[in-house]
Amino acid sequence: MRRPARISDRDPARGAVRATGPVALVGAMILPLILAAPSATFAQQQELTHPRAMELDDVAWKAPDPAPLRLQLDNGLTAYVVADNLVPLVRLTALIGAGDADAPGGAAYAAALRAGPAAMRPGRFEQALTAMAARYDVAPQHTETRVTLEVPSEDVTAAVSLFSSLLRDPLTGAPPAGSGSSASDEATGESGPVLYEGSMDVAVMLLERAVYAGHSYVGARDAEAPTDAPASAPVSARSFANRFVVPANVALAVSGDFNPAAMRADLTSAFADWSGEAPAMPAHPLPQRAARREVLTYNVDKLQGWVAIGHELPEVPTANEAALLVMNYILGGGHFDTRLFLATRDRRGLTNDDSGFPEQGFRGPGLYSFRTYGRPEVVRLLIHLTLQEIERIRTEPVTEEELFVARGALADGDTSLWFRNGAATATTYAREWLRYGDHTRTSTWWQRVHAVTADAVLAAAQRYLDPERMRIVVLGPLDAIRNAATLEDEQALEEYER
């Protein structure tokens, strides 16, 4: 019996792979054509014209008008309703303008949201989510809480009703999420030396704890971390909800496969009778500023070392926001041409990533972190190069070419991602409305980015970056990191302290 033709067989005599069957015939026909083709190099076949000389049309893309998308109820609740029929799903997101740092009970309220509506018997909420094939998530942050429910479009009316019950009256008394484990336990992450997932998240969490030690951002969350709910948890959760979770302090982002008029009617029916006074919101000061740079080490059994470097980011005025983000785009904006990527990956092959993350806060400071990882023998060099590039952008102006690329990428590329689909559009506008009550920031973003100068970038770097005060978190096999041979000018770990 003839064996079916296969794509390839291994030639046992030569250890090579040889084509057989129809593939071999096609290859025999194409090979002479390849050999006869002009011998132009790959570089000669590329388009090397600089974008400035291409005479490209101006970008005509514009953000959608938010006004027709906005539903404003008489009780102060605002929703952005964006139909998007790409897939038969509906996403409901509530952005609550308060988080676990604003008052005791924030973490307990998030736990109550995860447990489901108070009107449902224990276990019924999970059954309802399973029956609808729903995805549900609660994400508490320092000064905001995000709740998301995604369901098939056929269940949209029931989902809106369920979502309203969740926000208005969740099941208080559920234990807050928290392991009560030590920082070293959390740094270990998953067991085994070859597993990497989560290691960077843990490193950033440890960095934030160090930066905000004793601050409301960390203190409130840690105070509610035990696995067994204290007796006061239901009371504190209800107190938090009564004070902060009211219509005027919630914005909804609703998107997906639905009829907009029917969705507006469902939202009005589910939320119009909700009431509550708009709260006076607390503001959170900067943490106590570190006097010097500090290295924090966590010994874990990993094949790589993970590094998070940074400090607090003060509240950024609108006038400075574009310059900060242009500066970060050039330094470590998560693409293949940043200064950090060129220094660590492109020229030396030390890592797959070295990027900066200026995470702005709201009603309080944020965190500016730089994150990288690599084999134990290159970790100290990664720290050295990262600090070196941070210092360089603070002391010398960026080039006109860097500025040209960054402004174009942020003004045209990033902006379009904010509105790339219905969910992104609704969430962008809902968050902006919740925080500021208007859409001035998105409507002026293009002009603000294109107005950034090299001097403004330098001023932003000097204002928002101070490498002499940064905390350096190193997570990994410390003996291997410390004992690695010196590759360039890197120092011993503890010598990076100031």
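Only the coordinates and a few stated rules stand behind these numbers; no lab work does. In this text, all values refer to a predicted model and were calculated from it rather than measured experimentally. Reconstructed Cβ throughout: ideal geometry from the backbone, glycine too, with neighbour counts over all protein chains shown.
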- Message: Give me a comma-separated list of calculated 3J(HN,Hα) values for segment 261-270, in order, Karplus coefficients 6.51, -1.76, 1.60 applied at θ = phi - 60°, integers in Hz, x for any Gly or Pro.
- Response: 5, 5, 5, 4, 5, 4, 5, 4, 4, 7
- In whole Å, how far is the Cα centre of segment 86-136 from that of segment 330-374? 33 Å
- Using modelled backbone amide H atoms (1.01 Å from N, in-plane), which distant-in-sequence or interchain residues come within less than 5 Å of LEU296's amide H? ILE472, VAL473, VAL474
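I need to check one value: relative contact order of segment 389-457, counting alpha carbon pairs closer than 8 Å and at least 6 residues apart, in percent. Before the final figure, lay out each step's value.
Working: 32 pairs, mean separation 32.5, N = 69.
Answer for segment 389-457 is 47 percent.
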- Message: What translational diffusion coefficient, to the nearest whole µm²/s, does segment 81-128 have by Stokes-Einstein, given a Kirkwood radius computed over alpha-carbon pairs, a temperature of 10 °C and 1.306 mPa s viscosity?
- Response: 117 µm²/s
- Using modelled amide H (1.01 Å from N, peptide plane; none on Pro or chain starts), what sits under 5 Å from the amide H of VAL82, excluding residues fewer than 5 places away? VAL254, SER255, GLY256
- Message: Order 122-135, 140-153, 293-306, 102-115 from most to least packed using the mean count of other Cβ atoms within 10 Å.
- Response: 102-115, 140-153, 293-306, 122-135
- Message: About the Cα centre, and with charges only on the beta carbon of Lys, Arg (+1) and Asp, Glu (-1), how big is the dipole of segment 331-449? Nearest 20 debye, please.
- Response: 360 debye
- Task: Give the share of C-alpha pairs in each 10 angstrom bin for segment 252-324, from 0 to the last occupied bin, in whole percents, shortest bins first.
- Result: 11, 19, 19, 23, 19, 10
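Provide the FRET efficiency to the nearest 0.05 for the LEU342-ALA278 pair, computing r from the beta carbons and using R0 = 51 Å.
Details: r = 49 Å, r/R0 = 0.96.
It comes to 0.55.
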- Task: Under 1.5 on a/c is rounded, so check that first for segment 338-404, then, if it is not, pick prolate when a/b is larger than b/c and oblate when it is not; a ≥ b ≥ c are the square roots of the alpha carbon gyration tensor eigenvalues.
- Result: oblate
- For segment 345-498, averaging the sequence separation of alpha carbon pairs under 8 Å that lie six or more residues apart and dividing by its residue count, the contact order in percent is 30 percent
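Roughly how large, in nm² to one decimal, is the mean projection of the convex hull of the alpha-carbon atoms in segment 236-360? Don't skip to the end; give the middle numbers.
Numbers: hull surface 59.7 nm².
With the hull built on Cα positions only, its mean projection is 14.9 nm².
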- Note on the structure: Summing +1 per Lys or Arg and -1 per Asp or Glu among the other residues with Cβ less than 11 Å from GLU144's Cβ gives +2
- Message: Could you derive backbone 3J(HN,Hα) for segment 83-88 from the dihedral phi with the Karplus parameters 6.51, -1.76 and 1.60 (θ = phi - 60°), listing whole Hz in sequence and x where the residue is Gly or Pro?
- Response: 6, 8, 9, 5, 9, x
- Karplus ³J(HN,Hα) for segment 447-456 (6.51 cos²θ - 1.76 cosθ + 1.60, θ = phi - 60°; Hz, whole; x = Gly/Pro) runs 5, 5, 5, 5, 8, 5, 10, 4, 5, 5
- Using alpha-carbon positions, the gyration tensor of segment 290-366 gives root eigenvalues a ≥ b ≥ c; with a/c under 1.5 called rounded, otherwise prolate if a/b exceeds b/c, else oblate, the class is oblate
